[in-house]
Amino acid sequence: MKIRGRTTRSRCIGAATVALVTAFGATACGSDGGSGTGEGEVEVFTWWAQGSEKEGLDALVGVFEEQHSDLKFVNGAVAGGAGSDAKNVLASRLQTNDPPGTFQAHAGAELTDYIEQGDIEPLTDAYAEEGWDQLFPESLLEQIEQEGEYYSVPSNIHRANVVWANPAALEEAGVDPNAEYADLDAWIADLEKIEEAGITPLSIGMDWTQVHLLETVLLADLGVEAYNGLWDGTTDWAGAEVTGALEHYETLLGFTNSDRQSLDWPDATQQVIDGTAAFNVMGDWAEAAFASQDKVFGEDYTTFPVPGTDGVFDFLADSFTLPVGAPNPDASRAWLDTVASAEGQQAFNAAKGSIPANLEADTSEFGEYQQTAIESFAQDPIVSSLAHGSAASVSWLTDITSSISQFGSGGDVASLQEDLAATAEAQLAD
Ligand code: GAL
């Protein structure tokens, strides 16, 4: 999906300043605005439509219904991991002045896209009124702030560089389930053994999950500084370090399931849950899939940072916005209140596998995996996820995804690197 540039489309509310005054008081567009959302309703647009992701959303909705019993939650979810379909649907709704009451957006570069396109209202006044700027980590606030204004309310923090493993499958393949891998080569040596044993070494799904794997491989081989440099032009995409990472990526892809294009992340992770695959690289929404099937951390499954990325937190955060022209801005604001609240974050994150963005949320009852994420986020260097909107704009991610897609259907490393380097050059020149 190419996100359109700044447009002059007409809006339900004209100038942003007018919207600012009206957003939290009288309804700006009335209940006849937007997609037909009625008075007292808020349509919440996400891609948490099914399975463990929906369970997370349901937990948040439960708190919303307690905190705002006069309002009705309307589920606007569009299925597809990482928003692979939802983002297209959202773009066309925004284009046609049919915004939902609020939509999910990743903190960081993806949010900047929406800000620059004039799709979302600043929430700085709400931050000041509610003291939200005291609730969230500084590093996260930086990702939702532009020119002194805050633009969304973060609901959670996910870690992307996690390997999910099935110890029983590893034992069956004669691989030590407690092995520690210093780098990708050490891990690849064990993937070979697993393949020989007739078990899928590394499960994966459709394009976006491949980009997710690529990002962790780039981080493993380049390290924090050079990985960060990919997004600001200080690391050369055409350089030898990137070539090495792409070769590792090619090798890893060779150990994955051949039906990958037809699977979304829950199916790929399920292979590890079932033991038909040994490993899966996925963000820690996978934790919710294991937990919701009563799998026990340390027994039925284990996790470790993608080899070569130990001691680094590959970060992404979901957040919620107030769209320009939202049908019932006061109801949208109520949703944002719940998202920000310690109760909302506790319930949501416990079920979602992520960790709360709100530093006051109680995490004492969170599971063992989540405790590892809390510890890593507090002490390790943090880098921005590519596949989940933190590091690069939607259009850059879209271009990388199409190069990865082409590569997966029979491309070679040299052409992939040429494509990635050309894309980076074009994007950074913008
Ligand atoms: C990410 C999102 C997560 C999770 C994941 C898989 O982009 O931030 O919350 O939903 O996609 O769909």
Which GluC sites (Glu not before Pro) in region 208-314 pass both tests, a DSSP loop state and at most 11 other beta-carbon atoms within 10 Å?
E299
Surrounding net charge for A342, when Lys and Arg each add one and Asp and Glu each subtract one, Cβ distance under 10 Å
-3
Report the local net charge at H106: Lys and Arg +1, Asp and Glu -1, summed over other residues whose C-beta lies under 12 Å from its C-beta.
-2
So if I place +1 on the C-beta of Lys and Arg and -1 on the C-beta of Asp and Glu, and nothing else carries charge, what would the dipole magnitude of region 287-380 be about its Cα centre? I want it in debye, nearest 20.
360
When each pair of different Cα atoms in region 84-148 is counted once in the 1/r mean, what is the Kirkwood radius in angstroms, to one decimal?
13.1
Just round it to a whole percent: the fraction of Cα-Cα distances in region 346-395 exceeding 11 Å.
72
Alpha-carbon centroid distance for the pair region 155-234 / region 283-351, whole angstrom:
21
Positive-end extreme of charge dipole, region 85-162 - chosen from S139, G108, V162 (charges on Cβ):
V162
With only alpha-carbon atoms in the gyration tensor, what are the semi-axes of the equivalent ellipsoid for region 272-430, in Å, largest first?
31, 26, 15
Using mean Cβ contacts within 10 Å as the protection proxy, how do 182-189, 157-164 order, highest first?
157-164, 182-189
Charges only on Cβ, +1 for Lys and Arg, -1 for Asp and Glu: so what's the dipole of region 260-299 about the Cα centre, in debye to the nearest 20?
120
Expected 222 nm ellipticity per residue - DSSP helices of 4 or more, -39500 (n - 2.57), all of the chain, to 500:
-14000 deg cm²/dmol
Under 5 Å between amide H atoms, partner at least 5 residues away or on a different chain: which partners does V383 have, H built in plane at 1.01 Å?
F313, D314, F315
Which log10 I(q)/I(0) values does region 150-271 give at q = 0.14 Å⁻¹ under the Debye formula, counting every alpha carbon as one identical point scatterer?
-0.70
Would you mind telling me the antiparallel percentage of the DSSP bridges in the chain, rounded to 5?
55
Over the chain, with a single point scatterer placed on each C-alpha, what log10 of the ratio I(q)/I(0) does the Debye formula yield at q = 0.10 1/Å?
-0.67
In what sequence, highest mean first, do 67-76, 119-128 appear when ranked by Cβ atoms within 10 angstrom?
119-128, 67-76
Place the peptides 196-207, 272-283 in order of packing, highest mean first, counting for every residue the other Cβ atoms within 10 Å and averaging per peptide.
272-283, 196-207
Charge dipole of region 50-103 built from unit charges on the beta carbon (Lys, Arg +1; Asp, Glu -1), centred at mean Cα; most positive-end Cα among L71, L60, N97 is N97
Positive-pole candidate from V394, S409, N349, dipole of the chain, charges at beta carbon
V394
Residues with amide H under 5 Å of T102's amide H, sequence separation 5 or more or different chain, H placed in the peptide plane at 1.01 Å from N; which?
E43, F45
Total formal charge among the other residues, if their Cβ is under 14 angstrom from that of D58, Lys/Arg +1 and Asp/Glu -1:
-2
At a threshold of 8 angstrom on Cα-Cα distance, excluding pairs fewer than six apart, so keeping six or more, what relative contact order does the chain reach in percent?
28
Given Cβ point charges of +1 (Lys, Arg) and -1 (Asp, Glu) and nothing else, what value in debye, to the nearest 20, does the dipole of the chain about its Cα centre take?
1400
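A short reminder: the numbers here are calculations on the coordinates, not readings from a lab. On a predicted model such as this, the values are computed, not experimentally measured, just so you know. Note that we place each Cβ from the backbone using ideal geometry, even for glycine, and neighbour counts take in every protein chain shown.
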